[in-house]
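Input: a single structure, listed below in structure tokens.
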Amino acid sequence: MSYDTRPIGLFDSGLGGLTVVRALLDLLPDARIVYFGDTGRFPYGPKPADDVLKYSIEISDVLIERDVKMIVIACNSASAVALDHLRHSLTVPVTGVIEPGVRAARRATHTGRVGVIGTVGTIASGAYQRAAAAIDASLELTCAACPGFVEFVEAGDVESDQVHVLAERLLAPVRAADVDTLVLGCTHYPLLARTIADVMGPEVVLVSSAEETAFEVRELVGSTGQVIPPECRVQFVTSGDVATFRRLGSRFCGPEVEAVEAWKWS
């Protein structure tokens, strides 16, 4: 059977999904990728679920037009509201970041007490609770919304005193629950890992779904093990400012974020 050389499509409300792109680039050297960062309509977390679903459908249509072989919803807010709809409406495989994150947490926890932090929309959706119930009903989840985290990350501020004070306040519920594992339920949050780890303490394992999602993608699409030159591997598209995307995107993904295409919604 011949290997499908079509690209993998990924999207996020902004730059956070580039953490998943980075994991895919490292794990699948033969992968071609199209990444759509909807920075012009960022952030998704506080927006109504109907709006996030509409945006997810629109971006998926763009990716399908570019002949992707699967779609990764590299955004927890969009995964929470759009995954089921896109799986049923599209002819290519669709995966999100929530289920992989829960599976990684189940492997990491020793006590079964797992914390989840995410945007207001992700936490309010109950998507993590549903995924945990389906994967392992014995897991005891404590979820906390962290409004403001994404905005700090997108502004490039990840270690200031202001961010630390905010983290102390927002992480209080999961600290009080005595969790031993914390799921970073937003693809932006790995860039705050140092601050979050300082607040949670060294005994708490931080779980990012990016790597786990990349492993799931590899299972779905396979790999030849061949290496594609970096300049041929990724197409970046943004609905926001191209220069800002390029500058901040390198912090998430690395030097591959160079050529960025501008997209305007009609």
- [ ] Could you grab me the full set of residues in segment 2-37 that are touching a Cys at 6+ places or on another chain (Cβ under 8 Å) and part of a loop (DSSP other than H, G, I, E, B)?
- [x] Ser13, Gly16, Gly17, Arg32
Open item on the list: Out of Thr5, Thr39, Thr19, I need the residue that is of a type in the set (S, T, N, Q), more than 12 Å from the chain's Cα centre (by Cα) and crowded, with 20+ Cβ neighbours inside 10 Å. Which one?
Closed with: Thr39
- [ ] For Glu261, state whether it is farther than 25 Å from Leu192 by Cα and assigned to a helix (DSSP H, G or I).
- [x] no
Task: Count of segment 133-157 residues which are of a type in the set (A, V, I, L, M) and at positive phi - done: 0
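Quick grid of which residues meet (1) assigned to a loop (DSSP other than H, G, I, E, B); (2) out of contact with any Gly (no Cβ under 7 Å at 6 or more places or on another chain); (3) not aliphatic (A, V, I, L, M):
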| site | (1), (2), (3) |
| --- | --- |
| Thr195 | no, yes, yes |
| Val199 | no, yes, no |
| Leu206 | no, yes, no |
| Glu211 | no, yes, yes |
| Phe215 | no, yes, yes |
| Gln226 | yes, yes, yes |
| Gly249 | no, yes, yes |
| Val257 | yes, no, no |
| Ser266 | yes, yes, yes |
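Out of all the residues in segment 163-203, which are of a type in the set (Asp, Glu) and either touching a residue at least 24 places away in the same chain (Cβ under 8 Å) or more than 18 Å from Arg106 (Cα to Cα) (or both)?
As a first pass, look at segment 163-203 and keep what is of a type in the set (Asp, Glu): 168, 178, 180, 198, 203.
Within segment 163-203, Glu168, Asp178, Asp180, Asp198 meet the criteria.
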- [ ] Would you mind stating whether Thr142 is outside any helix (DSSP H, G or I) and surrounded by fewer than 20 Cβ atoms within 10 Å (Cβ to Cβ)?
- [x] yes
Task: Checking Val92 against (1) of a type in the set (Val, Ile, Thr); (2) more than 27 Å from Ile135 (Cα to Cα); (3) surrounded by fewer than 19 Cβ atoms within 10 Å (Cβ to Cβ), the condition it does not meet - done: (2)
- [ ] For segment 82-95, indicate whether the set of residues that are part of a loop (DSSP other than H, G, I, E, B), in contact with a helix residue (DSSP H, G or I) (Cβ under 7 Å, 6 or more places away or on another chain), assigned by TED's automatic domain parsing to the domain that holds Glu216 and within 18 Å of Ser208 (Cβ to Cβ) is non-empty.
- [x] no
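Against the definition (touching a residue at least 24 places away in the same chain (Cβ under 8 Å), loosely packed, with under 15 Cβ neighbours inside 10 Å and touching a Phe, Trp or Tyr at 6+ places or on another chain (Cβ under 9 Å)), how does Glu261 come out, yes or no? Break it down into steps so the answer makes sense when it comes.
On the way: touching a residue at least 24 places away in the same chain (Cβ under 8 Å): yes; loosely packed, with under 15 Cβ neighbours inside 10 Å: yes; touching a Phe, Trp or Tyr at 6+ places or on another chain (Cβ under 9 Å): yes.
Yes, satisfied.
Pick out the one residue from Ser60, Ser77 that is surrounded by 22 or more Cβ atoms within 10 Å (Cβ to Cβ) and at pLDDT below 95. Don't jump to the end; show me each part of the working.
Values: Ser60 fails: at pLDDT below 95.
Checking each option against the conditions leaves just Ser77.
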Open item on the list: Just to be sure I understand the filter: pairs with C-beta atoms under 6 Å, separated by 6 or more residues or on different chains, first member in segment 114-138 and outside the structural domain of Pro190 (by TED's automatic domain parsing) and in a loop (DSSP other than H, G, I, E, B), second member surrounded by fewer than 24 Cβ atoms within 10 Å (Cβ to Cβ) and at pLDDT 95 or above. Which pairs pass?
Closed with: none
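Which of the residues belonging to segment 193-214 are under 20 Å from Gly17 (Cβ atoms) and buried (at least 16 other Cβ atoms within 10 Å of the Cβ)?
Looking only at segment 193-214, we keep the residues that are under 20 Å from Gly17 (Cβ atoms), and these are 193, 196, 206-214.
If the condition is that a residue be under 20 Å from Gly17 (Cβ atoms) and buried (at least 16 other Cβ atoms within 10 Å of the Cβ), then Ile196, Leu206, Val207, Ser208, Ser209, Ala210, Glu211, Glu212, Thr213, Ala214 are the ones that fit.
Residue-by-condition table, conditions (1) more than 21 Å from the chain's Cα centre (by Cα); (2) at pLDDT below 95:
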position: Thr111; (1), (2): yes, no
position: Ile117; (1), (2): no, no
position: Gly121; (1), (2): no, yes
position: Ala131; (1), (2): no, no
position: Cys143; (1), (2): no, no
position: Phe152; (1), (2): no, yes
position: Val158; (1), (2): no, yes
position: Val174; (1), (2): no, no
position: Val183; (1), (2): no, no
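The values are calculated or read from the model by the stated rules, or taken from the named source; none is laboratory data. All values reported here derive from a predicted model rather than from experimental measurement. Using ideal geometry, Cβ is built from the backbone for each residue, glycine included, and neighbour counts are taken over all protein chains shown.
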